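Have a look at the structure below before the remarks.
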Protein chains: 2
Amino acid sequence: MEYYGGIEAGGTKFVCMVAGGPEDIRAEIRFPTTTPGETIGRAVAFFREQSRGHPLRAVGVGSFGPVDLDPLSPTYGYITSTPKPGWAQTGFAGRLEAALQVPVRFDTDVNAAALGEYACGAARGVDPFIYFTIGTGIGAGGIVNGAPMHGLLHPETGHIHIPHDRAADPFPGVCPYHGDCFEGLASGSALRERWGQPAETLPAGHPAWDLEAHYIALALVNLICSLSPRRIILGGGVMQRQELFPLVRQKVRQLLNGYILHPSLEAGIDQYIVPPALGNRSGCLGAIVLAQQN
Amino acid sequence: MEYYGGIEAGGTKFVCMVAGGPEDIRAEIRFPTTTPGETIGRAVAFFREQSRGHPLRAVGVGSFGPVDLDPLSPTYGYITSTPKPGWAQTGFAGRLEAALQVPVRFDTDVNAAALGEYACGAARGVDPFIYFTIGTGIGAGGIVNGAPMHGLLHPETGHIHIPHDRAADPFPGVCPYHGDCFEGLASGSALRERWGQPAETLPAGHPAWDLEAHYIALALVNLICSLSPRRIILGGGVMQRQELFPLVRQKVRQLLNGYILHPSLEAGIDQYIVPPALGNRSGCLGAIVLAQQN
């Protein structure tokens with residue numbers, strides 16, 4: 001049996017796992033994200049302890065970002081220009097490799113979550129598909145033609161520009177770079193700022209949810225038109241509100257207005273826009289898959 | 001030597017070629033798109049005549065759409081719900097296969113153009129990249145992880161929703177499905193309708209060009225954020241106006257506002273947002289490449 005390590009490195013917590021594969025978890029630990037030294041140190045200590053007796057073959061990391069994924073770059077495997085205090089320009093993959101003496105595969109947190117859902121979750125074998133996380137921030141990843149979405153950098157889909165009717169919603173948005181981009185209008189931070197209370201305390205039926213579903217639907221329609229995914233998974237804290245799913249599906253259909261004709265966007269839409277199947281483990285299980293692909 | 005056939009099937013004209021490869025053109029013909037029977041008939045007659053002595057190995061088609069690209073669908077290889085009179089629900093690939101007795105590979109006109117530019121044009125070996133055509137209508141195709149962008153259907157990037165400030169631009173848009181989607185605001189048809197004259201007669205320095213560059217830049221930023229392409233090619237009739245390129249590049253940088261830091265979006269932007277290198281042959285040369293991939 002071969003063992004792999006996986007890290008879901010989030011801005012608020014780290015999840016680390018040792019597993020034979022995404023369906024064979026051997027050990028798991030969760031701890032808060034503090035300083036880079038302390039947090040990466042705890043991950044290293046966990047893997048060292050767990051690998052006694054059965055050394056790890058490789059470690060996969062799905063990290064919050066932005067991250068540098070260009071293998072030719074001197075800062076490959078770094079968390080780069082994050083506003084998170086203490087974490088900007090943090091070498092991550094290299095530090096793990098040096099400490100653990102195993103190959104480390106590095107990707108974004110959302111690409112890792114997408115890979116997890118693709119391997120054994122709600123998008124098993126579905127290509128192309130998109131995974132959105134809508135929480136404090138908004139990000140997306142996905143699988144296209146058999147591999148995660150990489151490019152010049154990596155997707156930063158939270159920052160697409162969508163229509164914003166300031167007469168209906170005068171809120172200027174919270175994105176420090178773009179104001180009312182998608183993340184600026186629809187992230188958990190935007191909800192808290194617009195309504196003066198955290199999203200989780202807004203009651204069902206509050207107008208916040210209809211507006212939120214409208215912005216999410218606009219972003220989804222843009223992805224449907226530009227990438228033509230075969231499925232869209234919506235995860236993240238805000239999407240814990242299950243009542244958002246029917247609202248989003250209905251508004252996606254309204255916005256497409258019959259232009260793209262496919263059963264998945266009509267009778268099949270409940271299976272087209274779906275929650276993740278792996279709950280809060282998509283990212284870490286995807287990191288295990290990443291390690292296996294090494 | 002093996003020979004291949006290529007068709008760029010446009011809504012106004014067809015281009016057909018016989019070639020040993022994209023850099024070895026043997027014969028080429030252009031004729032207007034009339035009825036399906038007559039137009040496909042002319043293509044068949046051209047290939048029959050050209051293949052005397054050296055039979056074709058395969059034919060590639062890059063077609064206007066929407067088209068059905070699902071090999072499992074009963075209408076695979078059809079032009080489907082096009083508003084073009086006489087062409088809705090037209091079997092195309094199958095008709096060619098039956099008439100010519102060779103395998104036919106079928107894709108969208110923009111994916112074919114992207115494939116041509118990828119094989120021997122302005123995106124040689126660049127992955128991922130996006131090809132936009134901005135003409136009477138707007139479409140996009142591209143290469144991601146080594147293959148053209150397919151999915152539930154195919155990209156319909158002209159129909160993404162972008163911000164539209166109705167105070168600055170009260171024009172409601174021309175898209176019969178969405179009004180002021182990207183195509184509704186920025187296609188050649190939109191330009192003609194908004195300004196009361198065809199785009200090609202609008203003088204340099206006319207406010208039309210600044211507004212046009214703004215909408216194109218919004219769409220590009222959305223693709224940059226969601227797909228992270230390594231290059232963007234802008235082709236099509238409207239982009240014949242070379243003065244659009246510096247305007248679009250400048251507005252893309254303004255809209256990104258320093259969020260995505262990469263040399264290609266700064267000093268290198270003149271090599272990042274570029275015109276096609278194959279002129280009006282991208283689509284047909286891409287169709288030849290498609291045939292070779294058979």
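The values are calculated or read from the model by the stated rules, or taken from the named source; none is laboratory data. Given the structure is predicted, the values throughout are model-derived calculations rather than measurements. Heads up, the Cβs are rebuilt from the backbone with ideal geometry, glycines too, and the neighbour counts pull from every protein chain shown. Side chains included, ligands, DNA and RNA excluded: accessible areas come from the protein's heavy atoms. Shrake-Rupley method; radii C 1.70, N 1.55, O 1.52, S 1.80 Å.
When segment A:274-294 is filtered for residues that are in contact with a Cys (Cβ under 9 Å, 6 or more places away or on another chain) and not aliphatic (A, V, I, L, M), only A:284 remains. Residues that are open to solvent by less than 10 Å² (accessible area, probe 1.4 Å), in contact with a Phe, Trp or Tyr (Cβ under 8 Å, 6 or more places away or on another chain) and within 10 Å of chain B (Cβ to nearest Cβ) within segment A:130-167 comprise A:140, A:142, A:143, A:157, A:158, A:159, A:160, A:162, listed in sequence order.
One residue stands out in segment B:1-45 among those that are in a helix (DSSP H, G or I) and open to solvent by 10 Å² or more (accessible area, probe 1.4 Å): the one that is nearest to residue B:291 (Cα to Cα), namely B:44.
Considering only segment B:247-261, state which residues are more than 14 Å from residue A:178 (Cα to Cα) and assigned to a loop (DSSP other than H, G, I, E, B). Answer for segment B:247-261, where residues must be more than 14 Å from residue A:178 (Cα to Cα) and assigned to a loop (DSSP other than H, G, I, E, B): just B:261. I'd like the residue in segment B:173-193 that is under 18 Å from the mean Cα position of the chain (by Cα) and open to solvent by 30 Å² or more (accessible area, probe 1.4 Å) and, out of all such residues, is farthest from the other protein chains (Cβ to nearest Cβ). Here the answer is B:189.
Does residue B:170 meet the test of being at pLDDT 95 or above, open to solvent by 30 Å² or more (accessible area, probe 1.4 Å) and not small (Gly, Ala, Ser)? Taking the combined requirement at face value, the residue satisfies it. Counting only residues that are over 13 Å from the mean Cα position of the chain (by Cα) and either open to solvent by less than 10 Å² (accessible area, probe 1.4 Å) or within 13 Å of residue B:9 (Cα to Cα) (or both), segment B:106-128 holds 3 of them. In the set (1) part of a loop (DSSP other than H, G, I, E, B); (2) at the interface with chain B (Cβ under 9 Å from one of its Cβ atoms), the condition left unmet by residue A:123 is number (2). Scanning segment B:227-257 for residues that are open to solvent by less than 10 Å² (accessible area, probe 1.4 Å) and among the polar types (S, T, N, Q) gives a single hit, B:228.
Counting only residues that are among the aromatic types (Phe, Trp, Tyr) and open to solvent by 10 Å² or more (accessible area, probe 1.4 Å), segment B:194-219 holds 1 of them.
Here segment A:265-276 is the region considered, the condition is being open to solvent by 30 Å² or more (accessible area, probe 1.4 Å) and in contact with a strand residue (DSSP E or B) (Cβ under 8 Å, 6 or more places away or on another chain), and the residue that is nearest to the other protein chains (Cβ to nearest Cβ) is A:271. Before we move on, is residue A:254 among the polar types (S, T, N, Q) and more than 14 Å from chain B (Cβ to nearest Cβ)? No; evaluated as a whole, the condition is false for this residue.
Looking at segment A:46-88, which of the residues that are part of a loop (DSSP other than H, G, I, E, B) and open to solvent by less than 10 Å² (accessible area, probe 1.4 Å) is farthest from residue A:285 (Cα to Cα)? Among them, the one singled out is A:87.
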